[in-house]
Amino acid sequence: MGKAAKNIIRFIQRFWPFIVLVCFVGIFSLPYITKGRIPFPSKYLVTFFAPWNASYGMPVKNNAMPDVITQIYPWKQLTIDAWKQGYIPLWNPYAFAGTAHAGNYQTAVFSPMNLLFFILPFIDAWSFMILLQPLFAAFGTYLFLRALDRSKVASLIGSIGFMFCGFITTWMAYGTLGYAALMLPFILWSIVINFKKHSVLSRLMLPVFVAISFLSGHFQISLYVCIAAILFISFEGLQKRNWKEVVRSLLGLLIGVGIAAPQLLLTYHAYVASTRTDSFIRSEIIPWSYLITLFSPDFYGNPVTRNDWFGHYAEWGSYVGIVPLMLSIIALCVNLKGYKKYFLILIGLVIALAFPTPIADLLFFLKFPILSTSAASRIIFILSFAVVALASFGCDELIVAWKEKNKKLILRLVIGCIVFLAIVWIVLLGMKLLPVDKLVIAKRNFVLPTAFALVVLTIVTAGLTGKKKLQTIFLVGLLGLSMFDMYRYATKWMPFEERKYMYPESSSIAFLKKNIDFNRVFGNIGGEVGNTYKLPLIEGYDAMYRARYGEFINASSKGIVAPAGRSVVQFDKSGRFNTDVLQLLAVRYIYQRKSDGRNVWAFPVWQYSAGDMVKRFEDEYYEVYEYTHAYPRAFLASSYVVRRDPQEIIDTLFRKDFDKRNILVLEEEPNSKPEQGEGIATIEKYEANRVVIQTNSPAPKLLFLSDVYDAGWEATIDGKKTKIYRADYDFRAVGVPAGVHTIEYRYRPKGFRI
């Protein structure tokens, strides 16, 4: 045998678990590798979302991930476009009449995974970003479990359970939450290494992994990761009495958070102005009855098969596979020492926060930011991680039990599982606790997990033969069964679909792109159109939009200031003051689907005179009207009134005899007083973070820009800083002197100066 062959064999012997994991992800990714299909619900996009749903229609695999279509993918396009053009994507002018982009957090503007988009075509970079998640999750888990002195097989089984666990699988298409969560095993691995040996590399790993988690696009998940890491550092310190390393590790965590500080500061700036500061909800608390899905994930149905009827499949999923689950039971049947205690603490933490417990109620009562304003169930990934970690201990203890012929341990597992299965089947077959149609779903979806469990029990029992070769075969059998189980689970959920359906441009969209200029468009469309094609909209869907803007849009309905919605701004098409809003916000184009007719969900263009609403475009499915009375995006006003009470501002602004085109409603006296006279304001340059306007007037004026006010915006007149006033409830105005001047707006949020 040649030297090269020996080296290859040695390499395989040393790294075969990683090779197995790479091959496993490769098999999962075959639709992308062999057919070029992308991990994105593109058929769902063109079948259910305007304007494409007017001309497309086809069977859809998974309709449970709309946010990927309306938010995540379009946001990523805006982010990468900005970086490639050489500026930081801080602001998004295409939704909510302007909103923070980087501060949104879920846009993951600073994620290291964005580098992929500078190497590969966008759609392929997106695919790699999605498909690398299970691989990284597996690598991190394997390294961590090996650092805990688990065997290669045990660590591999644990890795397979976590890489396609319920949380990673159901959130995989987003490319954000998964990365935030999968850093947990990497962080814990670096902590173990730091406690075992002290090297510069191991010291650097911890803050880097923490920073990556916080930059991946979901603060709540990263916060849970940090809590788990702090608990682990404390646990290691108590176990090894090495308090210096505890301090060093905590400092490493803090440095990691510091690296992510630019993102965190931007998000704080956006958060304090958003609806989330007052949006405390007791949502997504997992009922105890849902624990059965840890054994049978589709017990209550599955959105993919359109038979789910209880719970929130994506938010509450904790499945890790039958093999890891049963091995974790073995781990709990043997002495609960060492690291097992830590994983039990994690399980206790999840139960306390995600299930209906007094602690969960207390957390809501205390109105703790982030934890009390988001879905509590998302901590469930830590339960999955703890179970697979225990499974690795259980696997090694099973091997010892086989060697020592420990029938008592095996008997405990067999009896426990048989009793559990018997109870569930008796309930399903003999008791009518559920409606008949729901029982059919539960029974059908409990068959395969039962079969898997019986196979595991058979293998576990057969391993008592004591023959080493057979035991090796049995371990391979458990590994293979685990891989098959998780592959089946993940492929059932994850769509791989054709590229040709990725936001195809229609003739009506092409017309709007060509003619929009600095105006806005309104219609039954969302971020999937506005952000993708860079068409400015007045509506939007995002958890971090400005609450005051939401109040303004709500007031257009009846003239009453009403609290902003939690995540959605929706313009009332039949509102009393919708014409005032269309005028003020430069909404020049109305985008209508023909088949909408005069239904309540269509904007009532038929109520306007022919001169007010002029049809400018028409194709088979859509028509575009021009609202001729829309104001320019930027204009000069000659007067103002001061109103400080929100309701008084709205009352004044929507008064019939109030001249919105020439009079602004300010909340304080301006430094310079405007005067009557003609004047022109021309937008010379409009970028996401920068707007340049030239004014020419014989008298001092107030320059109004119908973009949302934000304290992060700064303005200069001919290079000299000037004050921005909040005008007409939530928009921008500056005082400009007579003559020709250049006004420049720049978005530079406090705490983030570049």
(request) Note down all Cβ pairs under 8 Å where the first residue falls in the stretch 132-149 and is without any contact (Cβ under 8 Å) to a residue 24 or more places away in the chain, the second is in a helix (DSSP H, G or I) and of a type outside the set (A, V, I, L, M), and they're at least six residues apart or on different chains. (result) 146/152; 146/155
(request) Output the number of residues of the stretch 331-361 satisfying the condition of being under 15 Å from residue 150 (Cα atoms), in contact with a helix residue (DSSP H, G or I) (Cβ under 8 Å, 6 or more places away or on another chain) and of a type outside the set (Phe, Trp, Tyr). (result) 3
(request) Answer yes or no: is there a residue in the stretch 654-665 that is touching a Phe, Trp or Tyr at 6+ places or on another chain (Cβ under 6 Å), without any contact (Cβ under 8 Å) to a residue 24 or more places away in the chain and surrounded by fewer than 17 Cβ atoms within 10 Å (Cβ to Cβ). (result) no
(request) Within the stretch 198-224, work out how many residues are assigned to a helix (DSSP H, G or I), under 22 Å from residue 129 (Cβ atoms) and not aromatic (Phe, Trp, Tyr). (result) 9
(message) Anything in the stretch 564-616 that is surrounded by 14 or more Cβ atoms within 10 Å (Cβ to Cβ), of a type outside the set (S, T, N, Q), in contact with a strand residue (DSSP E or B) (Cβ under 9 Å, 6 or more places away or on another chain) and more than 25 Å from residue 518 (Cα to Cα)? List them, or say none.
(response) 564
(message) Going residue by residue through the stretch 125-141, is there one that turns out to be in the same structural domain as residue 185 (by TED's automatic domain parsing), out of contact with any Gly (no Cβ under 7 Å at 6 or more places or on another chain), within 15 Å of residue 388 (Cβ to Cβ) and among the hydroxyl-bearing types (Ser, Thr, Tyr)?
(response) no
(request) Output the helices (runs of 4 or more DSSP H) that fall wholly within the stretch 1-84 and possess 2 or more residues being buried (at least 20 other Cβ atoms within 10 Å of the Cβ), or say none. (result) 3-28, 42-48
(request) Determine whether residue 456 is modelled with pLDDT of 95 or more, farther than 24 Å from residue 17 by Cβ and either out of contact with any Cys (no Cβ under 6 Å at 6 or more places or on another chain) or surrounded by fewer than 15 Cβ atoms within 10 Å (Cβ to Cβ) (or both). (result) no
(request) Evaluate the following for residue 195: is it at pLDDT below 95, more than 21 Å from the chain's Cα centre (by Cα) and in a helix (DSSP H, G or I)? (result) yes
(request) Report yes if some residue within the stretch 538-552 is in contact with a Leu (Cβ under 7 Å, 6 or more places away or on another chain) and outside the structural domain of residue 709 (by TED's automatic domain parsing); otherwise report no. (result) yes
(request) Check residue 290 against each of (1) assigned to a helix (DSSP H, G or I); (2) touching a residue at least 40 places away in the same chain (Cβ under 8 Å); (3) touching a Gly at 6+ places or on another chain (Cβ under 6 Å) and name the one condition it does not meet. (result) (2)
(message) Can you name every one of the helices (runs of 4 or more DSSP H) wholly within the stretch 98-172 that holds 1 or more residues which are surrounded by fewer than 24 Cβ atoms within 10 Å (Cβ to Cβ)?
(response) 122-147, 152-163
(message) Here is a list: 24, 28, 48. Which entry is at pLDDT 95 or above, aromatic (Phe, Trp, Tyr) and in contact with a Phe, Trp or Tyr (Cβ under 7 Å, 6 or more places away or on another chain)?
(response) 28
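Which of the residues belonging to the stretch 465-484 are under 46 Å from the mean Cα position of the chain (by Cα) and at positive phi?
Scanning the stretch 465-484 gives no hits.
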(request) Could you tell me which of the residues 414, 388 is in contact with a Ser or Thr (Cβ under 8 Å, 6 or more places away or on another chain), closer than 26 Å to residue 140 by Cα and at pLDDT 90 or above? (result) 388
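Here's the yes/no breakdown for (1) more than 25 Å from residue 526 (Cβ to Cβ); (2) in the same structural domain as residue 708 (by TED's automatic domain parsing):
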{"site": "586", "(1), (2)": "no, no"}
{"site": "590", "(1), (2)": "no, no"}
{"site": "602", "(1), (2)": "no, no"}
{"site": "612", "(1), (2)": "yes, no"}
{"site": "615", "(1), (2)": "no, no"}
{"site": "619", "(1), (2)": "no, no"}
{"site": "640", "(1), (2)": "yes, yes"}
{"site": "654", "(1), (2)": "yes, yes"}
(request) Could you please let me know if residue 581 is under 21 Å from residue 561 (Cα atoms) and outside the structural domain of residue 724 (by TED's automatic domain parsing)? (result) yes
(request) Identify, from the list 255, 227, 233, the residue that is part of a helix (DSSP H, G or I), buried (at least 18 other Cβ atoms within 10 Å of the Cβ) and at pLDDT 95 or above. (result) 233
(message) Can you tell me which residue is surrounded by the fewest Cβ atoms within 10 Å (Cβ to Cβ) among those in the stretch 696-754 that are basic (Lys, Arg) and part of a strand (DSSP E or B)?
(response) 720
(request) Kindly provide the set of residues from the stretch 307-324 that are within 23 Å of the chain's Cα centre (by Cα) and either part of a loop (DSSP other than H, G, I, E, B) or of a type in the set (A, V, I, L, M) (or both), ordered by number. (result) 308, 310, 311, 312, 314, 317, 318, 319, 320
(message) One residue is enough: does the stretch 264-281 have a residue meeting the conditions over 30 Å from residue 552 (Cα atoms) and free of Cβ contacts under 8 Å to residues at least 24 places away in the same chain?
(response) no
(message) Among the residues in the stretch 339-362, are any exposed (fewer than 15 other Cβ atoms within 10 Å of the Cβ), of a type in the set (Asp, Glu), touching a Lys or Arg at 6+ places or on another chain (Cβ under 9 Å) and modelled with pLDDT under 95?
(response) yes
(request) Residues being within 30 Å of residue 341 (Cβ to Cβ), of a type outside the set (A, V, I, L, M) and surrounded by fewer than 16 Cβ atoms within 10 Å (Cβ to Cβ): count how many of those fall in the stretch 417-445. (result) 1
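The values are calculated or read from the model by the stated rules, or taken from the named source; none is laboratory data. Treat the numbers as computed from the prediction; the structure is a model and nothing was measured. For neighbour counting, all protein chains shown are included, and Cβ atoms are generated from backbone atoms with ideal geometry for every residue, glycine included.
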